Amino acid sequence: MPLTTEKKYINEIKANEDIFSIFLLSKAEQAQAKNGMYWRIELKDATGSIEGKIWSPLSSAFSELPVGQIVEIKAKSTTYRDKIDLNIEALAFLSEEETAQINLADFIESSTQDPELMLTELKELCKTYCYHKPLKKFLLLILKDEEITRLLKTAPAAKSMHHAFAGGLLEHTLSVTKLCLKISEQYPQLDKQILLAGAICHDLGKMWEMSGGLSNEYTDEGLLIGHIQIIIEKLEPFLKKSGLETALALHLKHLILSHHGYYEFGAPKLPQTAEALILHYADNIDAKMDQVKTALNTIPETETGWSKYLKSLERSVYKAEQTPQALRQNLETQTNLLEQNQEKNLQCALPFNFENYN
């Protein structure tokens, strides 16, 4: 097939269309049908993913289908179980020369948020909420490290489970950090500063656990020791340079080691401090909400309905009827005013800011 000159994006595909375009081959597995073996594949670009099938006899032309490469396809879009997929009529891998001609950003899904702004916000949260000088120094050393910032801006948070896109790890890290800070306002007995540090550091090992890029495969380091052990080792030079006290470093390591929550989910230790419990649940909430958001994004904004079955959640999720927009805006305005009044009352009641006392 000649190299397609005009890219057809996945979010533009409708049922009963003839498709001629190039995509990233992200998954490929053989399966058996009544009339012979076929290939079940997943194609991706920056706008999403779509499933496709290569039926017999064309399927026999491929002894293997290596993933993580750009392919050009000819296909017919169909509807199966209320979902659009593709019947592949022809498929060819692009050569290195052809791949060099395309914009790879068109094939890698990325965060909708600006990575520079997210990184800046993380640094500002450290400066605002971390008062203990060695801990603040530790966090800012990490967030200003050249290798870490370079990787963090593009790293995914997972291979497929949640935030599995370029910049996803940074988006997840920022979200978990802000969620932990919100929770600590409700429970002032928590050590907000060590919780902040745990939220920022808990998943940073994923920068070395997965390759990112087109294939986003697990690295040897990721397969052999995993992201939790990786980041425990990577943090040691920063801990030594910051001069963080041994007891605080120990607590921080516990937060990282226990954030998966349960042994069966890959946690080397169970959460055994209040802050470790909060980090585990905040991490889990953010991961689950990203899965739900991704599933519900397939339903038109003005409609209700069920998502496809989510294996990770062991259920489908329902997009419910929303509160009327006018009422929602009114409630949001009232909430903002209430929060502003509470802040003013607190400032009046506390003439001395004890949190800033060092």
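Please treat every number below as a calculation from the coordinates, not as lab data. Quick caveat: nothing in here was measured; it's all calculated off a predicted structure. Note that each Cβ is placed from the backbone with ideal geometry, even for glycine, and that neighbours are counted across all protein chains shown.
In this structure the amide hydrogen of residue 90, modeled in the peptide plane, comes within under 5 Å of the amide hydrogens of 74, none closer than 5 places in sequence on its chain. Relative contact order of the chain, taken over Cα pairs closer than 8 Å and 6 or more residues apart, is 11 percent. Seen against the Cα atoms of the chain and their longest principal axis, helix 226-242 is set at about 40 degrees. For the chain, the longest principal axis of the Cα atoms and the long axis of helix 115-129 meet at an angle of about 20 degrees.
Just to be sure I follow: if Rg is taken over the C-alpha atoms of segment 115-323 and Rh is the Kirkwood radius over the same atoms, what is Rg/Rh? Taking Rh as the inverse mean 1/r over Cα pairs, Rg/Rh reads 0.98.
Checking the Cα-Cα distances for 44/123; 74/293; 53/83; 137/182 against a 21 Å cut-off, the pairs over it are 44/123; 74/293; 137/182.
Each peptide in 152-163, 93-104, 54-65, 266-277 was scored by the mean count of other Cβ atoms within 10 Å over its residues; highest first, the order is 152-163, 266-277, 54-65, 93-104. Counted by Cβ distance under 12 Å from residue 7, the other residues give a net charge of -4, where Lys and Arg count +1 and Asp and Glu count -1. If you plug the beta carbon distance of residue 117 and residue 60 into 1/(1 + (r/R0)^6) with R0 = 56 Å, you get a FRET efficiency near 0.65.
Taking the Cα centre of segment 10-107 as origin, sum charge times position over the Cβ atoms of Lys and Arg (+1) and Asp and Glu (-1), and report the length of that vector in debye to the nearest 20.
540 debye
Net length available on complete extension from residue 9 to residue 34 is 5.8 nm, with 0.36 nm assigned per residue and the Cα-Cα distance removed. In this rough spin-label picture, where each label sits 7 Å from Cα along the Cβ direction, the residue 302-residue 241 distance is 5.4 nm.
Return the calculated 222 nm mean residue ellipticity for the chain, to the nearest 500 deg cm²/dmol, obtained by summing -39500 (n - 2.57) across DSSP H runs with n ≥ 4 and dividing by the residue count. Calculated mean residue ellipticity at 222 nm is -13500 deg cm²/dmol.
So which of 8/34; 153/308; 34/76 end up more than 28 Å apart by C-alpha?
Exceeds cut-off: 8/34; 153/308.
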